[in-house]
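What follows is calculated from the coordinates using simple rules that are stated; it is not laboratory data. Bear in mind the structure is a predicted one, so any value in this text is a computation, not a measurement. Reconstructed Cβ throughout: ideal geometry from the backbone, glycine too, with neighbour counts over all protein chains shown.
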Amino acid sequence: MAKSFATFGFRPELMQGIQDLYYKEPTPIQEEAIPLIMEGKDVIGQAQTGTGKTAAFMLPILNGLQEGKRDIQALILTPTRELSVQIAREVEKLGKHMGVNVLSLHGGTDIERQLSKLKDTVQIVVGTPGRVLDHMKRGSLHFGRISTLVLDEADKMMEMGFLEDVEQVIVHTPNQRQVLLFSATMPDSVKRLAHRFMKQPPHIKIEGKQKTVERIEQFYYVVNQSDKTDALVDVLEQEQPYLTIIFANTQVRVQQLTARLQENGLQAQALYGDLSQRKREQLMKQFREIRFQYLIATDIAARGLDVEGVTHVINYDLPNDVESYIHRVGRTGRAGERGKAISLISPRQKNLMARFAKATKATIEERILEPGRHLDAGRRQRAEEREAHYAALRQQQAKEEQQQKEKEFAPVREALKKKVKVKPGYKKKLARELAELQTQYEKNRKRAEAIAARKAGKSAKSGGPSKAGKGKPGSRGNGNRGSR
């Protein structure tokens, strides 16, 4: 590995920006990609999050910027608003001593303000495919003279359905331009894109355990779904984290968890796709300034968020694929610090955790959760609610049986009430028949309950499922009374 960034021969102003950010040594992806990019070659870089991919393509681009040129010199396409904003900020920091003007173009912000900024000299544009294409159609953006095109997180862009937009942008760039493609994975859609628009690009693939994983303590708790929210609050009270990102798979779940944590006096805010860009940026600013400790987010926060001081990442819902898990976990253990990644899983998801452990080449330990005050109280409450539910069912069943009984005896009772002349002894005969009907009804009911109870007993002894147990609640208790 190169001992320092000085070995690349960067201009002094860029080296000053590198020193300001305390970059020490090039990462493997930077060491291999930077010399090739500086030679002007198209490059495919494949590496996981947290490996320094952004600096791998930004440093050569900044080093090669032409001073005094008014045209846009580099375009960087990203899948999400957050990643676009983050890269733009990184460019500003690295190019601080170079007077670089960078513009982030993404949805959720005032397009008129973006149009105004495009009237000034902009050397580097970072943006999402949809908003960049929008500006191109308006005629406010032209890439006829760019020298470098970057497709960052290409797999994510394909996954989000941006293929057509990306292709439309690419065909409006000059033939003699450099294309850099960076991706965590290389699905067929990304390979086809590279084959169509890139010129014999060397494929740099960084594999193996990354330092980010080594610094992260990963473990999980097996928790029933009904216990998960209480378990989460107990985990937070036990761990006492500094800053935490909690991931859930849906917007509704994020909102529910945020409300629950706030009810328990915890400083929590929600981040999800339907929020306006202004609100999202405001939330992230507050989180970085530690105005609140717990950020509950969908996977929109997994890529493009780089917040120093995140000590814990918690998967309330487990992602379905390895890459999403890696990106989530990569939000902690950054900048040389240690971190914890905790997952709350169901028993069936243990195999999925084993797959994640194999992919990250790390130990993900199963631990036993010590129930705290929330989990204990929650379980007691749920038990009381279940008992109340079944008691209500039993009461309803008894009411329905009484109504059925009344319905069957109604004709006989009506006959007894009639004030008509009948033969001597006829009403006494009807009364006897009514009593016999009632007696026979009770015998039949008790016999049926006794048979059901015997079947349930046999099934319980054999360890098989009880057919009686599938009936209405309370049938077993009635059967016991009837068999005495």
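Can you pull a Stokes-Einstein diffusion coefficient for the chain at 37 °C (0.692 mPa s), Rh from Kirkwood over Cα pairs, as a whole number of µm²/s?
Diffusion coefficient, whole number: 120 µm²/s.
List, in the order given, every pair from LYS156/LYS285; LYS53/LYS228; LYS191/LYS340; LYS191/LYS358; LYS93/LYS340; LYS41/LYS137 whose Cα-Cα distance in the structure shown is over 32 Å.
Listed pairs above 32 Å: LYS53/LYS228; LYS191/LYS340.
Which of the listed residues, PHE197, ALA55, PRO129, is farthest toward the dipole's positive end in the chain, when Lys, Arg count +1 and Asp, Glu count -1 at the beta-carbon?
Value computed over the given set: PRO129.
Roughly how compact is the stretch 5-205, stated as its Cα Rg over 2.2 N^0.38 Å to two decimals?
Cα-based Rg divided by the globular estimate yields 0.95.
Just to be sure I follow the definition: excluding the sites themselves, where is the longest run in the chain that has none of the chymotrypsin sites (Phe, Trp or Tyr not before Pro) in a DSSP loop with at most 13 other Cβ atoms within 10 Å?
243-484
Quick query: amide H of LEU369 versus all other amide H atoms, modeled in the peptide plane; which residues come in under 5 Å with a sequence gap of 5 or more or a different chain?
The list, which skips near neighbours in sequence, is VAL222.
Return, for the Cα atoms of the stretch 102-236, the radius of gyration and Dmax in Å, separated by a comma.
20.4, 59
In the calculated pair distance distribution of the stretch 71-119, what percentage of Cα-Cα distances lie above 11 Å?
The answer is 71 percent, as a whole percent.
As a check on your grasp of the helix formula, calculate [θ] at 222 nm for the chain: sum -39500 (n - 2.57) over DSSP H runs of n ≥ 4, divide by the residue count, round to the nearest 500.
Estimated from H runs of four or more residues: -15500 deg cm²/dmol.
Explain nothing, just the number: dipole magnitude of the chain about its Cα centre with +1 on each Lys and Arg Cβ and -1 on each Asp and Glu Cβ, in debye rounded to the nearest 20.
The dipole of the chain has a size of about 4420 debye.
Post the alpha-carbon centroid distance, the stretch 168-196 to the stretch 309-365, in whole angstrom.
Going from one Cα centre to the other spans 30 Å.
In Å and from the alpha-carbon atoms only, list the Rg and Dmax of the stretch 245-315.
Gyration radius and largest Cα-Cα distance of the stretch 245-315: 11.1, 30 Å.
Could you tell me the relative contact order of the chain? Use alpha-carbon pairs under 8 Å, at least six residues apart, and round to a whole percent.
Relative contact order for the chain comes out at 14 percent.
Suppose each label sits 7 Å from its Cα in the direction of the beta carbon; what would the LYS428-TYR390 distance come out to in nanometres?
Taking the simple label geometry, LYS428 and TYR390 are separated by 5.0 nm.
Of the options GLN277, GLY457, ALA184, report the single residue whose Cα projects farthest towards the positive end of the charge dipole of the chain (beta-carbon charges: Lys, Arg +1; Asp, Glu -1).
GLY457
Which number do you get for Rg(Cα) / (2.2 N^0.38 Å) in the stretch 202-274?
Cα Rg divided by the expected 2.2 N^0.38 Å: 1.45.
Out of residues 5 or more away from ILE76 or on other chains, whose amide H comes under 5 Å of its own, with H placed 1.01 Å from N in the peptide plane?
HN-HN under 5 Å from ILE76: VAL125, VAL126, GLY127, VAL150.
Apply the Karplus parameterisation 6.51 cos²θ - 1.76 cosθ + 1.60, with θ equal to phi minus 60°, to every residue of the stretch 224-229 and state each ³J(HN,Hα) to the nearest whole Hz, in sequence, with x for glycine and proline.
5, 4, 5, 9, 4, 5
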